[in-house]
Amino acid sequence: MTSKIKFNLVAYTLLLLTCCSSCISYSLSGVSLAADIKTISIQNLENSSGEGPSNLTQIVTNNLKNFYRRNTNLTMLQSDGDLQLEGQIVSFTITPAAVQREGNFDVAGLNRLTMGVQVRFVNAKNPDENFDQLFTISQDFAQNVDITQIPTATIDELSERLNTEIFNKTVANW
């Protein structure tokens, strides 16, 4: 009899866990998604700023897609995913960051590259989580760096930091 009670207890526990598992969300790398969220679609983030390298759209969009592939188990769709991201690069600007006086002239000790992306997020399963928000990230460079020759690796680094912010807002609920 004792083994039958143990078997029943184990069976009921497994049944209970199976039934409850479909009601809870899972967490992977800080991700907080409802169990019914299975897909994501990310549209090209067009460069409406008119600045930056000619392949800026491709770099930023591919980095964003890869970020979600690495950090979630969501299936990537062309459109109409459970989660949908679209937007545009609205700024890619260079400004003086640390103005210094040299003789009678003010010169930039540092230059700051700022990239801003306007993101529209739709959660088809939970519209309360939808948003339209500007995400901005900056990086400083020495004054003698030729901004027109910024390497792709630097833009990758900027977009990676931007992707972290977008990711945290969309699926990590930070």
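Beta carbons closer than 6 Å, at least 6 apart along the sequence or on distinct chains, pair a first residue in the range 81-100 that is within 19 Å of Lys65 (Cα to Cα) with a second that is among the acidic types (Asp, Glu) for Gln88/Glu46. Inside the range 31-65, residues that are of a type outside the set (Val, Ile, Thr) and over 27 Å from Thr114 (Cα atoms) make up a count of 6.
Summed over the range 92-101, the residues that are within 15 Å of Met115 (Cα to Cα) and either part of a strand (DSSP E or B) or touching a helix residue (DSSP H, G or I) at 6+ places or on another chain (Cβ under 7 Å) (or both) give a count of 5.
Yes/no per residue for (1) out of contact with any Leu (no Cβ under 8 Å at 6 or more places or on another chain); (2) of a type in the set (A, V, I, L, M); (3) over 30 Å from Lys38 (Cα atoms):
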| position | (1), (2), (3) |
| --- | --- |
| Val90 | no, yes, no |
| Thr93 | no, no, yes |
| Gly109 | yes, no, yes |
| Gln118 | no, no, no |
| Asn130 | yes, no, no |
| Gln139 | no, no, yes |
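When restricted to residues that are modelled with pLDDT of 95 or more, on the phi > 0 side of the Ramachandran plot and either in a loop (DSSP other than H, G, I, E, B) or among the aliphatic types (A, V, I, L, M) (or both), the range 33-91 contains 1. For the range 135-167, a residue qualifies if it is of a type in the set (Asp, Glu) and under 14 Å from Asn62 (Cα atoms), and the qualifying residues are Asp156, Glu157, Glu160. Residues that are basic (Lys, Arg) and outside any helix (DSSP H, G or I): does the range 141-164 have at least one? Within the range 141-164, not a single residue is basic (Lys, Arg) and outside any helix (DSSP H, G or I). Which residue is farthest from Thr154 (Cα to Cα), if the candidates are limited to the range 92-121 and must be touching a strand residue (DSSP E or B) at 6+ places or on another chain (Cβ under 6 Å), at pLDDT below 95 and among the charged types (D, E, K, R)? Looking at residues that are touching a strand residue (DSSP E or B) at 6+ places or on another chain (Cβ under 6 Å), at pLDDT below 95 and among the charged types (D, E, K, R), I get Asp106.
Which of the residues spanning the range 138-174 are farther than 29 Å from Asp82 by Cα, among the acidic types (Asp, Glu) and modelled with pLDDT of 85 or more? Across the range 138-174, the qualifying residue is only Asp140.
Here Met115 passes the criteria (1) under 24 Å from Gly50 (Cα atoms); (2) touching a residue at least 40 places away in the same chain (Cβ under 8 Å); (3) out of contact with any Ser or Thr (no Cβ under 7 Å at 6 or more places or on another chain); (4) not polar (S, T, N, Q) except the one numbered (3).
The values are calculated or read from the model by the stated rules, or taken from the named source; none is laboratory data. Bear in mind the structure is a predicted one, so any value in this text is a computation, not a measurement. Cβ sites come from the backbone with ideal geometry, for glycine too, and all protein chains shown count toward neighbours.
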